[in-house]
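Scroll down for the structure; my scribbles are underneath it.
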Amino acid sequence: MTRLRSALAGLAEEAPLVSLADAAIAGHRRRRRTRLALTGVAAVTTAAALVVTVAAGAVVLPRGADPATEAAAVPDLPDGKVGAISRAYLTPCEVGKKTKRVDCGAVEWRVVTRSGRTYGVPQALTSSRDDPRVPVAISRDGRMLAYYSRAAQAHVVRDLVGGAEVTSPVKVEEDRIGAGSMLALSDDGRYLAFDPREGSKEPGLLVDVRTGRTVSIPGRYEVISIKDGAAELIRYRKTDLWLMPVTGGGKPVRFDGTFIMFSEIAPDGRTVAAVEFAELNKRRLTLLDVKTGRTLRKVSIGGLPKGSGIDGTGIWLSRKEVTVVVSGRSGGHSYALDVTTGKARRWADLGPARKHATVLPGVS
Amino acid sequence: MDRHDGFREFVLARQQSLMRTAYLLTGDAHLAEDLLQSVLAKVVGHWPKLSKGGNPEAYTRKALVNQYIAWKRRSRPELPSADPPDSGMSYDDATLDRIVLRRVLAKLTCKQRAMIVLRFWEDLTEAQTAEVLGCSIGNVKSQTHHALARLRMLAPELVDVRMEEVTR
């Protein structure tokens, strides 16, 4: 072999290891989607022209998702530093305009940075055999993103500010991801809670992605958050809350009543906000003491738009303010509720109101 | 069973080999990955046809080279890496050859570079190279001649004097 050939071989060996199948499939789907969107826009333009001809002044607006925001191609999440994110969302399935067939082949997770840029995350699995919505998780500060990677057969944690990426040493078979699976992430991205099927008795897993150490989470409990070295676990119907240290241990406390939509632990370390099941339509939160199980007080929420309903609670912004996720005719919104006064102020807009399609920082 | 499973298997088996070719063509790891990914994204669309009777690898390689030339024609700048190519500390002959080769390949035209990669890395014959690049055998011969002449001028130690005769 000549020196040229061996130098070429040596240089070729410097090529980095890659795993491109899923990214290529996602790229293909994006292109296809863009083509469809352009065809759709052309069709709408033609239709609009016809309407204008028949009845001047009439305005035709396409119903459903706006193709400009939902179907337009966006760049893939690049390696390295991209900045903290404010939310992640799952793109909707396409419905054939004529055939009315639903095509979910191009669905992908996207993230929106705080500066407003949107990236596709084709490496994040969107659906498994049993789960049409395989979740992602965002740390409370929007810095860390966790998702399941088909290529790695494991969860991956991306530090979007620092640029680092860690693949969980604990492999999880894709088929284990059942209907209604759940994912939660600690602020530092070190701990990951995975529930293969919420609401079932199948146990979940708390994983230390640095060491690979795992702690089993009893199937009856569902994970709300991982914060300050403890996983907040809820057993519904009874209702029990268990602040389980990430190394295991601790014991649950029982509340008097049936509560849903739990927030994370407040900065005081002992309060959570939840909605009493019987008061679901009353726009009222209950503050609960996680040490004693006692109800601290009820907070009626003022300042929400008419006709909107509470979808859940989220993180605490301060000792007084907890976020409440609300959906209504104008889409999904996050409100900051002052629990001392009951006044809510608009905190963030979440885009089109499609339940379960948006993931917020710190909310599993 | 996913309709893309066959494509996934193909990529899993051949992506590293294709990535090496892409890397030799572009000289930059990120560009090479972009190049290969964009080509594979197109291959997915043709996969049903390719898997039935085509030669997916040959098709992909051809698409890779053509896409590379198309990119270069749009004057996409080559971004030389500021980092040393390897973390090794010993600069033996082979390492020096790689450093020199990286530098001189960047000075060839895109088609000359493709010739070098296809002829001396992929070991394709002149006829096969002509098929990949969609040009005549005569064109392959002349482009290779010019590429080797340029290499010989920039890095005489890399190119045997007899090489051109051997390749003819």
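Bear in mind these aren't lab numbers, they're just calculated from the coordinates by the rules spelled out. Since we're looking at a predicted model, the values are computed, not measured. Using ideal geometry, Cβ is built from the backbone for each residue, glycine included, and neighbour counts are taken over all protein chains shown.
Under a Cβ-Cβ cut-off of 14 Å, what is the net charge of the residues other than A:ARG176 that fall near it, where Lys and Arg count +1 and Asp and Glu count -1? Surrounding charge for A:ARG176 is -4. Under the simplified labelling scheme, the A:LYS98-A:ARG117 pair shows an inter-label distance of 4.0 nm, with each label point 7 Å from Cα along Cα→Cβ. Give me the lysines in straight-line cross-link reach of A:LYS282: C-alpha distance below 22 Å, same-chain residues under 8 apart excluded. In chain and number order, the partners are A:LYS238, A:LYS298, A:LYS306, A:LYS320, A:LYS343, A:LYS355.
Annotation: amide H of A:ALA231 within the under-5 Å range of A:MET244, A:VAL246, sequence separation 5 or more or interchain, hydrogens built in the peptide plane. Evaluated at q = 0.09, 0.13, 0.15 Å⁻¹, the base-10 log of the normalised Debye intensity for region A:182-317, with identical point scatterers placed on the Cα atoms, takes the values -0.27, -0.55, -0.72.
What's the local net charge at A:LEU288, with K and R +1, D and E -1, over the other residues with C-beta under 15 Å away? Display every interim value, and only then the final one.
Details: positive: A:ARG235, A:LYS238, A:ARG254, A:ARG270, A:ARG284, A:LYS291, A:ARG294, A:ARG297, A:LYS298; negative: A:GLU232, A:ASP240, A:ASP256, A:GLU264, A:ASP268, A:GLU276, A:GLU279, A:ASP289.
Here the count lands on +1.
Comparing A:HIS333, A:HIS28, A:HIS155 in a Gaussian network model of chain A where C-alpha atoms under 10 Å apart are linked, the largest mean-square fluctuation is found at A:HIS28.
Based on other C-beta atoms within 10 Å, arrange B:SER17, A:SER168 from fewest to most.
Numbers: B:SER17 14, A:SER168 24.
The order, fewest Cβ neighbours first, is B:SER17, A:SER168.
Fewest-first ordering of A:THR292, A:THR99 by other beta carbons within 10 Å of each residue's beta carbon gives A:THR99, A:THR292. Per the Debye formula on identical point scatterers at the alpha carbon atoms of chain A, with no solvent, log10 I(q)/I(0) at q = 0.07, 0.11, 0.12 Å⁻¹ is -0.36, -0.81, -0.94.
In region A:70-192, how does Rg compare with the Kirkwood Rh, expressed as the Rg/Rh ratio over alpha carbon atoms?
Computed over Cα atoms, the ratio is 0.98.
When the Kirkwood radius is taken over all Cα pairs of region B:1-77, what Stokes-Einstein diffusion coefficient follows at 37 °C and 0.692 mPa s, in µm²/s? Translational D for this selection: 257 µm²/s. Here the alpha carbons of region A:259-364 define both size measures, Rg and Dmax, at 12.8, 39 Å.
B:GLN143: net charge of surrounding residues, Cβ under 12 Å, Lys/Arg +1, Asp/Glu -1, itself excluded?
On the way: positive: B:LYS111, B:ARG113, B:ARG119, B:LYS141, B:ARG150; negative: B:GLU126.
Neighbour charge sum, excluding B:GLN143 itself: +4.
Between the C-alpha center of region A:97-140 and that of region A:268-290 there is a gap of 31 Å.
Here B:LYS111 is the anchor, and the aspartates and glutamates within straight C-alpha reach of less than 18 Å, apart from those fewer than 8 places off in the same chain, are B:ASP28, B:GLU78, B:GLU122, B:ASP123, B:GLU126, B:GLU131, B:GLU164.
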